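The values are calculated or read from the model by the stated rules, or taken from the named source; none is laboratory data. Everything quoted here is computed from the prediction, not taken from an experiment. Cβ placement follows ideal geometry from the backbone for every residue including glycine, while neighbour counts extend to all protein chains displayed. Note: accessible area is taken over every heavy atom of the protein model, side chains too, but ligands, DNA and RNA are not part of it. Shrake-Rupley method; radii C 1.70, N 1.55, O 1.52, S 1.80 Å.
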Amino acid sequence: MKRILVTGALGQIGSELVEKLRNLYGRENVLSTDIRKPEEIDGHFEVLDVMESKRMYELAKQFNADTFIHLAALLSATAEKNPLLAWNLNMGGLMNALEVSRELNLQFFSPSSIGAFGPSTPKDNTPQDTLQRPTTMYGVNKVAGELLCDYYFMRFGVDTRSVRFPGLISYVTPPGGGTTDYAVEIYYKAIEEGQYTSYIAEGTYMDMMYMPDALQAVVDLMEADPSNLKHRNAFNISAMSFEPSQIAAEIKKHIPTFEMTYEVDPVRQKIADSWPNSIDSSAAIEEWGFKVEYDLEKMTVDMLGKLKTKLR
Ligand code: AKB
């Protein structure tokens, strides 16, 4: 039976991943940690600042963890506003988590991102192995993180695994400080106000994925037979690629009065312009059977249905 420690557990991915892991592996076998306390504590929870390596080590040891899922990080737009903090937190937290995993021999997962690519990367059907010269602090952190995870695997035998997540869309916990967040906000605004002002320009394609597919990908990769993995850090995975007017058109099918206008944010637009239009997930499909259930149409039906109930 697994014993899993999760950092950043109250964030967009963590809040849903912890529930999924508890359902799969037993509620008592997942320790959720975050820098802040949740309003209601349900299951094992500890406050943990990922910069505090000693406490991280002690919590993992006391819990008898065999798996470390490290999610605590600043996203792209926030990192661009505060690059020094991003370097310290994203790299310092990752380094601490890798060290604890090495010392206690834990299986390790920490996500990379489409942000690990840059303007010189091939934009369409971006290959698994290609040029990675990102021009954002977040991207620099992600490439360095991928290399560091590979290093810990090759040098110390730590079982590090990872995916390059695209923008993740969910009705449960909103993302914070990302470039792809518009694709979540648009659903909330469509229901609450019947209109949305997009900070990303028309024609800007980015990869996206609905949260249930992202969570399943983490579980499938962590369960994969290691002998099948030629790559580790990190696998391209994507479910769909669209630009703002396409998601707006999909919403309009269900809310005919919905209108979208544009007020482009130069910082986030520049980040989006430096990322691929669409990435190639074939290595993940071949090596560990990556699959998705949701495309834009199916995701939109589910998002609007769930949000209508939530926001009522
Ligand atoms: C962001 O926009 O920063 C994230 C990501 C794609 O890594 N959602």
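Using 0.36 nm per residue, how much length does the chain from Glu28 to Tyr262 gain when fully extended, once their Cα-Cα distance is taken away? Before the final figure, lay out the partial values.
Values: separation 234, 0.36 × 234 = 84.24 nm, distance 4.68 nm.
Net length gain for the segment: 79.6 nm.
Residues Asp273, Asp129, ordered by accessible area of protein heavy atoms at a 1.4 angstrom probe radius and largest first, appear as Asp129, Asp273.
Rounded to the nearest 10 degrees, the inclination of helix 14-25 to the longest alpha-carbon principal axis of the chain is 60 degrees.
Rounded to the nearest 10 degrees, the inclination of helix 137-156 to the longest alpha-carbon principal axis of the chain is 30 degrees.
The Kirkwood radius of segment 15-128, taken over pairs of alpha-carbon atoms, gives through the Stokes-Einstein law at 37 °C and 0.692 mPa s a diffusion coefficient of 208 µm² s⁻¹.
Under the classification rounded if a/c is under 1.5, otherwise prolate if a/b is larger than b/c and oblate if not, where does segment 238-312 fall, given a ≥ b ≥ c as square roots of the Cα gyration tensor eigenvalues? Oblate.
Sequence gap at least 6, Cα distance under 8 Å: using those rules, report the relative contact order of segment 83-133 to the nearest whole percent.
Relative CO of segment 83-133 lands at 23 percent.
Net length available on complete extension from Leu147 to Thr197 is 14.2 nm, with 0.36 nm assigned per residue and the Cα-Cα distance removed. Under the rule a/c < 1.5 gives rounded, and otherwise a/b versus b/c splits prolate from oblate, where does segment 9-69 land using the Cα gyration tensor? Oblate, since a/c reaches 1.5 and b/c is not below a/b. Across the chain, C-alpha contacts under 8 Å between residues 6 or more apart give a mean separation that, scaled by the residue count, equals a relative contact order of 19 percent.
Rolling a 1.4 Å probe over the protein heavy atoms leaves Trp275 with an accessible area of roughly 10 Å². How charged is the neighbourhood of Met299? Take every other residue with its Cβ under 11 Å from the Cβ of Met299, and add Lys/Arg as +1 and Asp/Glu as -1. Value of the local net charge: -4.
Our estimate of slack between Thr130 and Asn105, defined as 0.36 nm per intervening residue step minus the Cα-Cα distance, is 5.9 nm.
Which shape class applies to segment 93-195: rounded if a/c is under 1.5, otherwise prolate when a/b exceeds b/c and oblate if not, where a ≥ b ≥ c are the square roots of the Cα gyration tensor eigenvalues?
Oblate, since a/c reaches 1.5 and b/c is not below a/b.
Residues in segment 182-312 average 43 Å² of solvent-accessible surface per residue, probe 1.4 Å, ligands and nucleic acids excluded. Seen from Pro175, the other residues with C-beta closer than 13 Å to its C-beta sum to a net charge of -2, counting Lys and Arg as +1 and Asp and Glu as -1. Across the accessible surface of the chain, with the other protein chains kept in place and a 1.4 Å probe, carbon and sulfur atoms take up 52 percent. Surface exposure of segment 44-112, expressed per residue as accessible area with a 1.4 Å probe, stands at 45 Å². Where only DSSP H runs of four or more residues are counted, the chain gives -12500 deg cm²/dmol as its mean residue ellipticity at 222 nm, each run worth -39500 (n - 2.57).
Would you work out which of Ala217, Thr204, Asn233 lies farthest towards the positive end of the dipole of segment 186-268, given +1 charges on the beta-carbon of Lys and Arg and -1 on that of Asp and Glu, about the Cα centre? Result: Asn233, furthest along the dipole toward the positive end. Mind checking the angle between helix 53-63 and the chain's longest principal axis? C-alpha axes, 0 to 90 degrees, to the nearest 10. Here the helix axis deviates by roughly 80 degrees. Close amide H pairs (under 5 Å, H built 1.01 Å from N) link Ser113 with Phe165, residues at least 5 positions away or on another chain.
One equal scatterer on each Cα of the chain, no solvent, Debye formula: the resulting log10 I(q)/I(0) at q = 0.13 Å⁻¹ is -0.93. Only the Cβ atoms of Lys and Arg (+1) and of Asp and Glu (-1) were treated as charged; on that basis the dipole of segment 171-312 about its Cα centre amounts to roughly 360 debye.
Structural descriptor for segment 99-241: relative contact order 28 percent, calculated from alpha carbon pairs under 8 angstrom and at least 6 residues apart.
The distance from the alpha carbon centre of segment 17-33 to that of segment 238-297 is 29 Å, rounded to a whole number.
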